[in-house]
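Undergrad: I'd like to ask some things about the structure below.
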Amino acid sequence: MESNQETVTILAIESSCDETAASVVVNGRQVLSNVISSQIDIHTLYGGVVPEIASRKHTERINQVIRKALSEAGKTLGGMDAIAVTYGPGLVGPLLIGVSAAKALSFGTGIPLIGVHHIEGHISANYIAAPDLEPPFVCLVVSGGHTHLVLVRDYGEYEILGRTQDDAAGEAFDKVAREIGLGYPGGPKIDKVSALGNPEAIRFPRGKVDGSRYDFSFSGMKSAVLNYLNTAKMKGEQICVEDVAASFQAAVVDVLVSHAMWAIDEYGLDKFALAGGVAANTALRTAMRAECEKRGTAFYCPPPILCTDNAAMIGSAAYYEYIRGVRSGYDLNAIPGLRLGQR
Ligand code: KG4
Ligand code: ZN
């Protein structure tokens, strides 16, 4: 570790999808402010995120959000040791708004710039929620765009054990929710109605893939739900939305939990963490916690507000880059397909 500084205060910016967010984080774990301006209401009208609209809304809101993050933290821009920003993966237009804002602030003040990987951010949300958590641990990152089972060897050192070969888990939640008439965003809505349904009412297939046993597939499961709905419609049968939601959710949770437990058993690690928007799912959190407890594995999961997109997680990931001496140049660009571990 390069830095001997006692306190490192970072302004972090996140704009990779449909939340415009800024946060001030001290030493990677203490959040002084966490401002999130969500665009969900606008995108709900279209049934999903419209990239052009997202970019425009980020442009309109980013300065206000940054100002609010600094004022809520009781800080000025000059009091920052670094300005961090998500530069990928994500939607290129939205990413560019955050990257441009961060570069402008850094260039205007001379404060160092640090580009952060969005998934590293999601993983790091666990450092904020659990001050005692240190690598190594196994982390399952489940969001709208990603499903990655990751071995976190050290800060900034990752080995991807498995990933989805088709849809991300959150994407499957969103698509199934749309088909059963729950609308966007589907994850939280399926989570809510599932509580009223029977998870064993319909046995949807648990996706299997060729290749790494840690890889995931959710498109088959999603198609099975669509087939079930079409068959019911053709036969003129009434469907029970709560049962379909609960049964689909149970299938997703089953697959996520079994893959995570294989990794814990194989790598013999005593710590497991959940991350990403789908980690806010009640059934997933409950099932993972129970399975971890059975094995004597410590279970970590951030509160829902740190699971979905936010900038505090970016400030945490940036801190560990900062103390390793990582700095970005003004040629930092948005990289929509940035891979975990790629610099
Ligand atoms: O991490 P995130 O905010 O954005 C991405 O990086 O993708 O994740 C958003 C995803 C959406 O697909 C949303 O439906 C899902 O997380 N999600 C949930 C829940 N809350 C959000 N999925 C299941 N249950 C939830 N409670
Ligand atoms: Zn995310």
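Undergrad: Please verify whether the range 211-226 includes one or more residues that are in contact (Cβ under 8 Å) with a residue 60 or more places away in the chain, part of a helix (DSSP H, G or I) and more than 26 Å from residue 139 (Cβ to Cβ). So that I can check it myself, show each step before the final result.
TA: Within the range 211-226, the first condition is being in contact (Cβ under 8 Å) with a residue 60 or more places away in the chain, and the residues that meet it are 214, 216, 218.
Cutting the leftovers down to part of a helix (DSSP H, G or I) gives us none.
No, the range 211-226 contains no residue that is in contact (Cβ under 8 Å) with a residue 60 or more places away in the chain, part of a helix (DSSP H, G or I) and more than 26 Å from residue 139 (Cβ to Cβ).
Undergrad: Please determine whether any residue of the range 60-78 is more than 16 Å from ligand 2 (Cβ to nearest atom), more than 21 Å from the chain's Cα centre (by Cα), polar (S, T, N, Q) and assigned to a loop (DSSP other than H, G, I, E, B).
TA: Within the range 60-78, one or more residues are more than 16 Å from ligand 2 (Cβ to nearest atom), more than 21 Å from the chain's Cα centre (by Cα), polar (S, T, N, Q) and assigned to a loop (DSSP other than H, G, I, E, B).
Undergrad: Right, here's the next one. Is at least one residue of the range 91-102 within 16 Å of ligand 1 (Cβ to nearest atom), more than 30 Å from residue 255 (Cα to Cα) and of a type in the set (Gly, Ala, Ser)?
TA: Yes, some residue in the range 91-102 is within 16 Å of ligand 1 (Cβ to nearest atom), more than 30 Å from residue 255 (Cα to Cα) and of a type in the set (Gly, Ala, Ser).
Undergrad: Right, another one. Tell me, yes or no, whether the range 39-50 has at least one residue that is part of a helix (DSSP H, G or I), in contact (Cβ under 8 Å) with a residue 60 or more places away in the chain and open to solvent by 20 Å² or more (accessible area, probe 1.4 Å).
TA: Yes, the range 39-50 contains a residue that is part of a helix (DSSP H, G or I), in contact (Cβ under 8 Å) with a residue 60 or more places away in the chain and open to solvent by 20 Å² or more (accessible area, probe 1.4 Å).
Undergrad: On to the next question. Tell me whether the range 230-241 contains one or more residues that are assigned to a helix (DSSP H, G or I), in contact (Cβ under 8 Å) with a residue 12 or more places away in the chain and within 15 Å of residue 194 (Cβ to Cβ).
TA: Checking the range 230-241: at least one residue is assigned to a helix (DSSP H, G or I), in contact (Cβ under 8 Å) with a residue 12 or more places away in the chain and within 15 Å of residue 194 (Cβ to Cβ).
Undergrad: Given the criterion in contact with a strand residue (DSSP E or B) (Cβ under 9 Å, 6 or more places away or on another chain) and within 18 Å of residue 258 (Cβ to Cβ), identify the matching residue among 162, 220.
TA: The match here is 162.
Undergrad: Which of the residues spanning the range 183-219 are among the small types (Gly, Ala, Ser) and open to solvent by less than 40 Å² (accessible area, probe 1.4 Å)?
TA: 183, 186, 187, 194, 197, 207, 217, 219
Undergrad: Residue 23 - would you say it is of a type in the set (S, T, N, Q), more than 14 Å from ligand 1 (Cβ to nearest atom) and either in contact with a helix residue (DSSP H, G or I) (Cβ under 6 Å, 6 or more places away or on another chain) or modelled with pLDDT under 95 (or both)?
TA: yes
Undergrad: In the range 253-288, what count of residues is obtained for those that are within 13 Å of ligand 1 (Cβ to nearest atom), open to solvent by 40 Å² or more (accessible area, probe 1.4 Å) and either modelled with pLDDT under 95 or within 16 Å of the chain's Cα centre (by Cα) (or both)?
TA: Total meeting the criteria: 2.
Per-residue answers, yes or no, for (1) within 14 Å of ligand 2 (Cβ to nearest atom); (2) among the small types (Gly, Ala, Ser):
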position: 90; (1), (2): yes, yes
position: 98; (1), (2): yes, yes
position: 101; (1), (2): no, yes
position: 113; (1), (2): no, no
position: 139; (1), (2): yes, no
position: 142; (1), (2): yes, no
position: 156; (1), (2): no, yes
position: 160; (1), (2): no, no
position: 166; (1), (2): no, no
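Undergrad: Quick test of your reading of the structure: residue 163 fulfils all but one of (1) within 16 Å of ligand 1 (Cβ to nearest atom); (2) open to solvent by 70 Å² or more (accessible area, probe 1.4 Å); (3) closer than 30 Å to residue 42 by Cα. Name the failing condition by number.
TA: Every listed condition holds for residue 163 apart from (3).
Undergrad: Kindly check whether there is at least one residue in the range 310-326 that is without any contact (Cβ under 8 Å) to a residue 40 or more places away in the chain and not small (Gly, Ala, Ser).
TA: No.
Undergrad: Okay, next question. Which residues, counting only those in the range 144-154, are away from ligand 2 (no atom under 13 Å from the Cβ) and in contact with a helix residue (DSSP H, G or I) (Cβ under 8 Å, 6 or more places away or on another chain)?
TA: Scanning the range 144-154 gives 149, 150, 151, 152.
Undergrad: Can you run down the residue pairs with Cβ atoms below 7 Å, 6 or more apart or on separate chains, where the first is in the range 173-192 and farther than 15 Å from residue 252 by Cβ and in the same structural domain as residue 220 (by TED's automatic domain parsing) and the partner is aromatic (Phe, Trp, Tyr) and near ligand 1 (Cβ under 10 Å from one of its atoms)?
TA: Close Cβ pairs satisfying both conditions: 178/184.
Undergrad: Please specify each residue of the range 291-324 satisfying the condition of being more than 16 Å from ligand 1 (Cβ to nearest atom), open to solvent by 30 Å² or more (accessible area, probe 1.4 Å) and under 19 Å from residue 84 (Cβ atoms).
TA: 319, 324
Undergrad: Among the residues that make up the range 6-27, is at least one of them in a loop (DSSP other than H, G, I, E, B), exposed (fewer than 15 other Cβ atoms within 10 Å of the Cβ) and in contact (Cβ under 8 Å) with a residue 12 or more places away in the chain?
TA: Scanning the range 6-27, I find at least one residue that is in a loop (DSSP other than H, G, I, E, B), exposed (fewer than 15 other Cβ atoms within 10 Å of the Cβ) and in contact (Cβ under 8 Å) with a residue 12 or more places away in the chain, so the answer is yes.
Undergrad: Right, another one. Is it the case that some residue within the range 108-128 is within 16 Å of ligand 1 (Cβ to nearest atom), not in a helix (DSSP H, G or I) and not assigned by TED's automatic domain parsing to the domain that holds residue 280? Even if it seems obvious, please write down each step before you answer.
TA: Going through the range 108-128, the residues within 16 Å of ligand 1 (Cβ to nearest atom) turn out to be 116-126, 128.
Adding the requirement that they be not in a helix (DSSP H, G or I) leaves 116-117.
Cutting the leftovers down to not assigned by TED's automatic domain parsing to the domain that holds residue 280 gives us 116-117.
Looking for residues that are within 16 Å of ligand 1 (Cβ to nearest atom), not in a helix (DSSP H, G or I) and not assigned by TED's automatic domain parsing to the domain that holds residue 280, one finds at least one in the range 108-128, hence yes.
The values are calculated or read from the model by the stated rules, or taken from the named source; none is laboratory data. Everything quoted here is computed from the prediction, not taken from an experiment. As a convention, Cβ positions derive from the backbone with ideal geometry for all residues, glycine included, and neighbour counts pool all protein chains shown. Areas reflect the complete protein model, heavy atoms only, side chains present, ligands, DNA and RNA absent. Shrake-Rupley method; radii C 1.70, N 1.55, O 1.52, S 1.80 Å.
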